[in-house]
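Coordinate-derived values only; no laboratory data. These numbers were taken from a predicted model, which means no experiment stands behind them. Note that each Cβ is placed from the backbone with ideal geometry, even for glycine, and that neighbours are counted across all protein chains shown.
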Amino acid sequence: MEPNLTERSGEGCYVALTHGHLHAQDIIDRVRSPQAGAIVLFAGTTRDNFAGKPVKELQYSAYSPMALKTMLSICIDIRARHSLESIAMIHRLGTVPIGEESILIAVSAPHRQAAWRAGEEALEDCKKHVEVWKREEFEGEEGVWRANRDGLLGQKIAEKDGKN
């Protein structure tokens, strides 16, 4: 096991948080099954801009015990609802440079339609519920912490008397 990896599994589900690089083949292999006619992989990568601003990098932070519990709960629910063979989700923490993955989600199912739907649902539920936050570092200006959701801009918190 990788030294910076924390993980949980159960009921055909695997979830993990790591400060290391994410490897697509590893997560695909976790969900591979002879009963599965489809494996869908989602790889979320750091892009070079957000809302027209040049992004330098993203930094992710999590309350790991709660995040893993929430991730596993999401996966168990989605696996049951879509009759999946297996589902795996791994989120990277720390600094994620441009072009590198911050999240991988792999889903295996007997048929592709269920795999497609389940993969997207897993991503949306993760972004909505998992206790992960990101700091966007922009070129030439101070970074901003925000919830790990698309479209919700972070807000700078003004310091008062030298304290936050």
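If each DSSP helix of 4+ residues adds -39,500 (n - 2.57) and the sum is divided by the residues in the chain, what number results at 222 nm, nearest 500 deg cm²/dmol?
Working: 3 runs with 44 residues, N = 164.
So the helix-based figure for the chain works out to -8500 deg cm²/dmol.
Which cysteines in the chain lack any other cysteine whose Cβ sits under 4.7 Å from their own Cβ?
So, CYS126.
Cα-based count: Lys pairs in segment 5-147 below 23 Å, eight or more positions apart or different chains?
Count of close lysine pairs: 7.
May I ask what percent, to the nearest 5, of DSSP beta bridges between residues of the chain are antiparallel?
Details: 38 of 44 bridges.
Rounded to the nearest five, the antiparallel share is 85 percent.
Considering Cα pairs under 8 angstrom that are at least six residues apart, work out the relative contact order of segment 1-65 and quote it in whole percent.
Reported relative contact order: 18 percent.
What residue among TYR60, PHE42, GLY94 has its Cα farthest toward the positive end of the dipole of segment 5-147, where the charges are +1 on Lys, Arg and -1 on Asp, Glu, each on the Cβ?
Value: PHE42.
Please state the relative contact order of the chain as a whole percent: Cα pairs under 8 Å, 6+ residues apart?
Value for the chain: 28 percent.
Here are some values of P(r) over Cα pairs in 5 Å bins from 0, in percent: (i) 2, 8, 12, 13, 11, 11, 11, 10, 8, 6, 4, 2, 1, 0; (ii) 2, 9, 18, 20, 18, 14, 10, 5, 3, 1, 1, 0, 0; (iii) 2, 8, 14, 15, 15, 15, 12, 9, 5, 3, 2, 1, 0. Which one was computed from this structure?
Only one option fits the structure, namely (ii).
Tell me, how many Å apart are the Cα centres for segment 15-41 and for segment 100-136?
12
If packing is taken as the average count of other Cβ atoms within 10 Å, what order do 60-68, 139-147, 105-113 fall into, highest mean first?
105-113, 60-68, 139-147
So for segment 4-51, what are the equivalent ellipsoid semi-axes in whole Å, largest first, each being the square root of 5 times an eigenvalue of the Cα gyration tensor? Walk me through the numbers on the way to the answer.
Numbers: eigenvalues 114, 54, 18 Å².
Ellipsoid half-lengths, sorted descending, are 24, 16, 9 Å.
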